[in-house]
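The structure under discussion appears below in the form of structure tokens.
The values are calculated or read from the model by the stated rules, or taken from the named source; none is laboratory data. Model, not experiment: these values are computed from the prediction. Here Cβ is always computed from backbone atoms with ideal geometry, including for glycine, and neighbour counts include all displayed protein chains. Accessible surface is based on the protein model in full, side chains and every heavy atom, while ligands, DNA and RNA are left aside. Shrake-Rupley method; radii C 1.70, N 1.55, O 1.52, S 1.80 Å.
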Amino acid sequence: MDVKEALRSMLQEMILPELDHIKTEQVRINERINSVDSRLNDINAHLVDQSRRIDETNKRIDETNKRIDETNKRIDSVRDELVSMIRETNKRMDRLYEVIVRREEHDKLEARLSALETKVGDLERRIAA
């Protein structure tokens, strides 16, 4: 049994320190894995928060776009109304111009008629004399 004990003793002297070293390394690796896992959880929580913020920002952008679209519709409506008003004003101004031109023509015709009446009156007086 001496040989058996000697082999056991020799193996224990060679293998047990290595096993202790492996166990120590395993504990350190587990601690690092736990640390990395904790960091990953923190990063994941941060990413979830950032994603939520991005979603909120996108919602606000969508709301702003809707408000811009509504404002554009109102602007288009007001523009169409103004164009209609301008067309109506232009028609009225054209009509006013026609009236003014007719009035000027009427005034000219009155002046010519008056001049003709004066000439006819003069001719009648000459013929009568």
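Quick one: helix 2-128 against the long Cα principal axis of the chain, what's the angle to the nearest 10°, folded into 0 to 90?
That works out to roughly 0 degrees.
Under 13 Å from the Cβ of H46, count the other residues' Cβ atoms, weight Lys and Arg +1, Asp and Glu -1, and hand me the total.
Taking every other residue near H46 into account, the sum is +1.
How big is segment 11-86 on each of its three principal axes, counting only the C-alpha atoms and giving the largest first in Å?
So the extents along the principal axes, rounded to whole Å, are 107, 12, 8.
Around S114, with a cut-off of 13 angstrom between Cβ atoms, what is the net charge of the other residues, counting Lys and Arg +1 and Asp and Glu -1?
Residues close to S114 contribute a combined charge of -1.
Quick one: if the Förster radius is 35 Å, what FRET efficiency do V83 and I61 give, using the C-beta to C-beta distance and rounding to 0.05?
The pair V83/I61 has a calculated efficiency of 0.65.
If I model the chain as equal point scatterers sitting on the Cα atoms and use the Debye formula, what is log10 I(q)/I(0) at q = 0.13, 0.21, 0.22 Å⁻¹?
-0.93, -1.16, -1.19
Taking the Cβ of Y97 as the center, what net charge do the other residues with Cβ under 13 Å away carry, scoring Lys and Arg +1 and Asp and Glu -1?
Here the count lands on +1.
Rounded to the nearest Å, what's the spacing between the alpha carbon centres of segment 21-48 and segment 73-99? Just the number, please.
75 Å
Check cross-link reach from K119 to the lysines: straight Cα distance under 16 Å, and skip same-chain residues fewer than eight apart.
Cα-Cα hits under 16 Å: none found.
Given springs between every Cα pair under 10 Å in a Gaussian network model of the chain, which of M85, M93, M14 has the largest fluctuation?
Of the options given, M14 has the highest mean-square fluctuation.
For the chain, what is the mean residue ellipticity at 222 nm derived from helices alone (per DSSP H run of n ≥ 4: -39500 (n - 2.57); sum divided by total residues; nearest 500 deg cm²/dmol)?
-38000 deg cm²/dmol
Summarise the accessible area of segment 29-75 (1.4 Å probe, protein heavy atoms) by the percent that is carbon and sulfur.
The C+S portion of the solvent-accessible surface of segment 29-75 is 51 percent.
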